[in-house]
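The values are calculated or read from the model by the stated rules, or taken from the named source; none is laboratory data. In this text, all values refer to a predicted model and were calculated from it rather than measured experimentally. All Cβ positions, even for glycine, are placed from backbone atoms using ideal geometry, and neighbour counts span all protein chains on display. Each accessible area value is taken on the protein alone, full model and side chains, heavy atoms only, with ligands, DNA and RNA left out. Shrake-Rupley method; radii C 1.70, N 1.55, O 1.52, S 1.80 Å.
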Amino acid sequence: MMNKSCKNNKKSQKNHKFADIFSKISVFFDKYLFPDDIKCIFCGKDIPLFYEKPYCENCEKDLVFNKGNRCLICDMPIKNEAKICDFCQNNKRYFKKAYCPFIYKDKIRQAILSYKFDNRRYMAKGFAVLIAKYINDLKVDLITFVPMTKKKQKERSFNQAERLANELGKLLNIPVIKALEKIKDTDEQKVLDYKERSKNLKDAFRIINRDLIKDKSVLLVDDILTTCATINTCAEYLSKNSTVYVTAIARNIPE
Ligand SMILES: [Zn+2]
Ligand SMILES: [Zn+2]
């Protein structure tokens, strides 16, 4: 007669088998629905070296790379020879340096919008490849991301910054943690100026897992940087006992 532990064992094997089959099916559908590794993230054309360039030659022509003289802190292009932009001179930054490989324009802008609002999650891997190349030899202990409120995440079905952080973590072999939580929506803030926005944002976030980031260097991920008000608020929370770097796919230039 079968004893209890043997029965449980059988049951767990059965559950395991189901989980295994289920995971194989979902990997298959993931690959089928979200082809990656071989296709241009912008147009879907097959490309030879995804981890070198996740886009085709045709799309490359339309990309606006972030280059030339840039602010040493926030990575914003500067028209003159200054090292630090006016924005960073007038507002305290809680991160050491920002990294944004692209200017938020044309093809990259369309691609980010599509990634966020058309639920094209597979694009995150290509964006992560681009960020990894751009941050080059930056060494960090942990990766984290700008959080969304639960409500917002439910509406959009995923957090674009979290997905990006996870792909970046896999690529660079760095642990990804959830260090912050967003507890209040701040959509109405578009009408506010920078100082008012920052004040408003301060109550919207909360730190969780403070012990995990203690004395660590942390890379904080978002999709786009504009005034850096949001990411700077998040960095302020993290910077109390860790060194913060930030990254995003693209730099939007504030008017
Ligand atoms: Zn293409
Ligand atoms: Zn700056």
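Run the simple label-point estimate for Thr243 and Asp118 please: 7 Å along Cα→C-beta, distance reported in nm.
It works out to 4.1 nm between the two label points.
Please report the relative contact order for region 182-255, taking Cα pairs under 8 Å with a sequence separation of at least 6, and give it as a percent rounded to a whole number.
On the way: 89 pairs, mean separation 24.5, N = 74.
Relative contact order, region 182-255: 33 percent.
Take the alpha carbon gyration tensor of region 64-251, find the square roots of its eigenvalues, order them as a ≥ b ≥ c, and report rounded if a/c is under 1.5; if not, report prolate when a/b exceeds b/c, else oblate.
Because its axes are fairly even, with a/c under 1.5, region 64-251 counts as rounded.
Solvent-accessible area of Tyr122, probe 1.4 Å, all protein chains present, reported in Å² to the nearest ten, please.
Counting only protein heavy atoms, Tyr122 exposes about 60 Å² to solvent.
Lys151 to Lys83: extension gain in nm, 0.36 nm per residue of separation minus the Cα-Cα distance? Please list the in-between numbers first.
Working: separation 68, 0.36 × 68 = 24.48 nm, distance 4.01 nm.
Length gained between Lys151 and Lys83: 20.5 nm.
Among the listed pairs Lys116/Lys154; Lys151/Lys178; Lys39/Lys152; Lys53/Lys170; Lys151/Lys184, which have their C-alpha atoms separated by more than 21 angstrom in this model? Don't skip to the end; give the middle numbers.
Numbers: Lys116/Lys154 13 Å; Lys151/Lys178 17 Å; Lys39/Lys152 30 Å; Lys53/Lys170 17 Å; Lys151/Lys184 10 Å.
Over 21 Å apart, Cα to Cα: Lys39/Lys152.
Heavy atoms of the protein only, probe of 1.4 Å, neighbouring chains included. What is the accessible area of Cys43 in Å², nearest 10?
70
How large is the accessible surface of Asp193 in square angstrom, using a 1.4 angstrom probe and rounding to the nearest 10?
Result for Asp193: roughly 80 Å² accessible.
Separation between the Asp137 and Tyr51 pseudo-spin-labels, each 7 Å from Cα along Cα→Cβ, expressed in nm?
Using points 7 Å along Cα→Cβ, the separation is 2.1 nm.
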